[in-house]
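One structure is given below, encoded as structure tokens.
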Amino acid sequence: MIPLILFVALGLTILVLFEIRARKDAGNGAEQTEPQPADDSGCCGQHLVCERETLLQTNAEIIYYDDEELDALAGIQPQDFTADQRLMIREIFETLQEKDVPGWCRSLQLRNIQLPEDVREEALLIVRERRKM
């Protein structure tokens with residue numbers, strides 16, 4: 001029983017040391033701004049996780065796609081949208097060029113705007129197809 005307790009204690013000690021080391025490395029590391037690709041058609045290759053793959057924005061800059069009226073939907077759950085709000089989102093989505101869809105999705109994420117399920121599925125399909133290119 002005592003060897004088991006010692007083994008668990010050793011494991012926890014190692015885990016704590018790794019956590020301390022990781023936090024220290026993260027705190028001491030120089031904050032580097034990651035280079036951004038000129039557009040969504042390519043990746044600079046220097047991202048830890050490519051923006052094109054995750055749809056995550058690495059900087060806090062919000063880019064609008066002539067859709068400022070969607071800001072009124074921030075924080076509202078898609079199931080609570082009115083028919084007019086769903087139509088507004090659909091119309092904006094349909095005016096986008098395919099190459100703008102990933103950036104638009106990132107913009108909506110930063111603005112805390114969720115897409116209705118049907119538009120969301122179509123947007124993700126476009127993003128997946130663009131990744132294959």
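The values are calculated or read from the model by the stated rules, or taken from the named source; none is laboratory data. These figures come from a predicted structure and were not determined experimentally. All Cβ positions, glycine included, derive from the backbone under ideal geometry; neighbour counts span all protein chains shown. In case anyone asks, the SASA skips ligands and DNA or RNA and just uses the protein heavy atoms, side chains included. Shrake-Rupley method; radii C 1.70, N 1.55, O 1.52, S 1.80 Å.
Among (1) under 28 Å from K132 (Cβ atoms); (2) crowded, with 16+ Cβ neighbours inside 10 Å, there is one condition E117 misses while meeting the rest; what is its number? Single failed check for E117: (2).
Report, by residue number, each residue of segment 102-113 that is without any contact (Cβ under 8 Å) to a residue 40 or more places away in the chain and open to solvent by less than 70 Å² (accessible area, probe 1.4 Å). Break it down into steps so the answer makes sense when it comes.
Taking segment 102-113 first, the residues without any contact (Cβ under 8 Å) to a residue 40 or more places away in the chain are 104, 108, 112.
Residues satisfying the conditions are W104, L108.
Among the residues of segment 120-133, write down those that are closer than 24 Å to A72 by Cβ and open to solvent by 30 Å² or more (accessible area, probe 1.4 Å). Give the derivation first.
We begin by selecting, within segment 120-133, every residue closer than 24 Å to A72 by Cβ; these are 120-124.
Within segment 120-133, R120, E121, E122, L124 qualify.
When you check F81 against the structure, is it open to solvent by less than 90 Å² (accessible area, probe 1.4 Å) and farther than 16 Å from E121 by Cα, yes or no?
Details: open to solvent by less than 90 Å² (accessible area, probe 1.4 Å): yes; farther than 16 Å from E121 by Cα: yes.
It is true that F81 is open to solvent by less than 90 Å² (accessible area, probe 1.4 Å) and farther than 16 Å from E121 by Cα.
For segment 46-133, which fully contained helices (runs of 4 or more DSSP H) count at least 1 residues that are modelled with pLDDT under 95 and within 17 Å of the chain's Cα centre (by Cα)? Even if it seems obvious, please write down each step before you answer.
Numbers: elements: 51-54, 83-95, 101-110, 117-132.
The qualifying helices (runs of 4 or more DSSP H) are 51-54, 101-110, 117-132.
Per the conditions (1) touching a residue at least 40 places away in the same chain (Cβ under 8 Å); (2) exposed (fewer than 11 other Cβ atoms within 10 Å of the Cβ); (3) acidic (D, E), the sole criterion not satisfied by E94 is (1).
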